[in-house]
Amino acid sequence: MMENISYWIFKQMLKTYCIPFMRSARISGVLDLPTGPKIFAPNHPNITDGFILPMIIPEKLNFMIMDKAFRYPFVGNVLKLARQIPVNFRDGAKAFQAAKSRLLNGENVVIFPEGILNPENKPIPIKTGAARLSLETGAPIIPVGFYVAPKDTITLNPKNTRPGPALRCQVKGNCFVHFGAPLITPSSLDTNSLRTEIKNLTASLTKRIRKLSKQAEKESLK
């Protein structure tokens, strides 16, 4: 009960941010999503990308979120009570097992397989976590492409004194979201086949996400 209330509060927090700045989300692509547990795998150009997904998907979503967010006052407590998944890059196995447990329990997981913010949508290699979760649980992967026009974002670190990409967030305009067809994985594999399938599935997911983000960008030009 408390978990459901906390997730509702979590959604209201995101909605409070979205309403003043985002006129609407423009959603396109494969919208007939399968029932049961799913792995949503979007690209990650802005730190606010994931804010819109709970507004679209009526089912509860378990986000894999950097663990430092759980240390923020109030926000961190809500994330914990809503059972969102903290990710510590020094102990990725713990987050992976938590995500796997949620999927096996019939819940949905959101993972950003690029692993870092990618504001320029560069063709960076994505991580294998989404593929491994799918192969170990049987949950389909739903690739998602996000696009927000740069003019509708602000950069929180304009001098970029910190290592890594610019921290961008949306403050106005529309968020364009393009859903792809589910990637369905084999039900059983031997050890050697599993390694090959992880590699192939990750490569396929990489291509899908890049294509979908480009399609979302084209939608913004209409």
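Please treat every number below as a calculation from the coordinates, not as lab data. All of these numbers come straight from a predicted model, not from anything done at the bench. Note: ideal-geometry Cβ built from the backbone for every residue, glycine included; neighbour counts use all protein chains shown.
A full extension of the chain between SER24 and ILE47 corresponds to an added length of 6.5 nm, given 0.36 nm per residue minus the alpha carbon distance.
Computed about the Cα centre, the dipole magnitude for the chain is approximately 580 debye when only Lys and Arg (+1) and Asp and Glu (-1) carry charge, each at its Cβ.
Proximity of backbone amide H atoms, modeled 1.01 Å from N, is registered between VAL87 and ILE65, MET66, ASP67 at under 5 Å, excluding neighbours fewer than 5 places apart on the same chain.
Helix screen, the chain: DSSP H segments with Cα axial length of 24 Å or more and mean Kyte-Doolittle hydropathy at least -0.5 are 2-21.
Taking every DSSP bridge with both residues inside the chain, close to 30 percent are antiparallel. Across the range 5-38, the residues whose backbone nitrogen lies under 13 Å from the label position 7 Å along the beta-carbon direction of ASN77 are 6.
Per-peptide packing, taken as the mean over residues of other Cβ atoms within 10 Å, places 30-38, 129-137, 197-205 in the sequence 129-137, 197-205, 30-38 from highest down.
The simple spin-label model puts a point 7 Å past each Cα toward its Cβ; for GLU136 and GLN12 those points are separated by 3.6 nm.
Could you tell me which residue out of ALA41, ASN105, VAL87 lies farthest along the dipole of the range 2-220 toward its positive end? Charges go on the beta carbon: Lys and Arg +1, Asp and Glu -1, centred on the Cα centre. Positive-most Cα among the choices belongs to VAL87. Calculated mean residue ellipticity, 222 nm, the chain: -12000 deg cm²/dmol, from DSSP H runs (n ≥ 4) at -39500 (n - 2.57) each, averaged per residue and rounded to 500. Fully extending the segment from THR196 to ILE124 would add 23.9 nm, taking 0.36 nm per residue of separation and subtracting the current Cα-Cα distance. Among the listed pairs LYS11/LYS218; LYS80/LYS218; LYS94/LYS151; LYS68/LYS127; LYS94/LYS172, give every one whose C-alpha distance is greater than 31 Å. With Cα atoms farther than 31 Å apart: LYS80/LYS218; LYS94/LYS151; LYS94/LYS172.
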